[in-house]
Amino acid sequence: MDTMHIRDLVVQCIIGTRPEERKARQPVVINITMECDLRRAGKSDRLEDTVNYSALCQKLMAMAERSGYQLIEAFAQEAA
């Protein structure tokens, strides 16, 4: 297995338990380490055979934009 990292992706989301935390989006920094099999991409040299980093980051940002979690643990579980 190969290891892929997304580091320091800043997203804006509503998160927290206190009323003042629920009023405005806050920056949250996401760091993800994933194990994935990249052998096919290594052999084919084709973009469609690998992980689309940009699409993954866009999905994480969209998830954050629509979130309303109280706990960072719940947000992290959804991101995972």
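The values are calculated or read from the model by the stated rules, or taken from the named source; none is laboratory data. None of the values given here were measured: they were computed from a predicted structure. In this analysis, Cβ positions are derived from the backbone assuming ideal geometry, glycine residues included, and neighbour counts consider all displayed protein chains. With ligands, DNA and RNA removed, areas are computed over all heavy atoms of the protein, side chains included. Shrake-Rupley method; radii C 1.70, N 1.55, O 1.52, S 1.80 Å.
For the condition open to solvent by less than 60 Å² (accessible area, probe 1.4 Å) and among the acidic types (Asp, Glu), what is the one hit in 37, 45, 8, 49?
49
Name the residue, out of 48, 35, 20, that is touching a residue at least 24 places away in the same chain (Cβ under 8 Å) and more than 14 Å from the chain's Cα centre (by Cα).
Just a single option satisfies the conditions, and that option is 35.
Can you tell me how many residues in the stretch 11-34 are out of contact with any Cys (no Cβ under 7 Å at 6 or more places or on another chain), surrounded by 10 or more Cβ atoms within 10 Å (Cβ to Cβ) and among the aliphatic types (A, V, I, L, M)?
6
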